[in-house]
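Okay, structure first, notes after.
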Amino acid sequence: MIIDGTYEIVEMEQWDKEAIDLVEPGYIRIKGNRGELHFICVDGDMDIRRDKAGGYKFSWDGNDECDSASGFGEFVCDGDILTGRIYCHDGDDSSFVAKKIL
């Protein structure tokens, strides 16, 4: 399954849509095994790998405002919908739902 594309983050367990889109609309952008993510003031580059169960696992590294930030996560892809969880090292974690827009 090719999952390349841009997905808008439409829901997160820990934050409402207004917070997710604080700076710009929250998104996950995927191309091959690389990606980018943005929500609230968090920006990161992703390294994505397929797992044995057919889902995806990723690590990410970037920043939260002016502070370095990193973490990991996992998701499954069902058509144009990504459903998963993102973890911030020494910080929050949240489930998310993202819908493909491009």
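The values are calculated or read from the model by the stated rules, or taken from the named source; none is laboratory data. Given the structure is predicted, the values throughout are model-derived calculations rather than measurements. Every residue, glycine among them, receives a Cβ derived from its backbone with ideal geometry; neighbour counts consider all protein chains shown.
Quick notes on this one:
- Within the set 54, 35, the sole residue that is touching a strand residue (DSSP E or B) at 6+ places or on another chain (Cβ under 8 Å), of a type outside the set (D, E, K, R) and not in a loop (DSSP other than H, G, I, E, B) turns out to be 35.
- Taking the criterion of being hydrophobic (A, V, I, L, M, F, W, C), surrounded by 18 or more Cβ atoms within 10 Å (Cβ to Cβ) and in contact (Cβ under 8 Å) with a residue 24 or more places away in the chain, the residues of region 8-35 that qualify are 9, 12, 15, 28, 30.
- Failed condition for residue 3, given (1) surrounded by 16 or more Cβ atoms within 10 Å (Cβ to Cβ); (2) part of a strand (DSSP E or B): (2)
- Neighbours by Cβ (under 6 Å, 6+ apart or cross-chain): first from region 54-83, modelled with pLDDT of 95 or more; second outside any strand (DSSP E or B) and among the aromatic types (Phe, Trp, Tyr): none
- Scanning region 65-89 for residues that are over 14 Å from the mean Cα position of the chain (by Cα) and either buried (at least 16 other Cβ atoms within 10 Å of the Cβ) or in a strand (DSSP E or B) (or both) yields 67, 68, 78.
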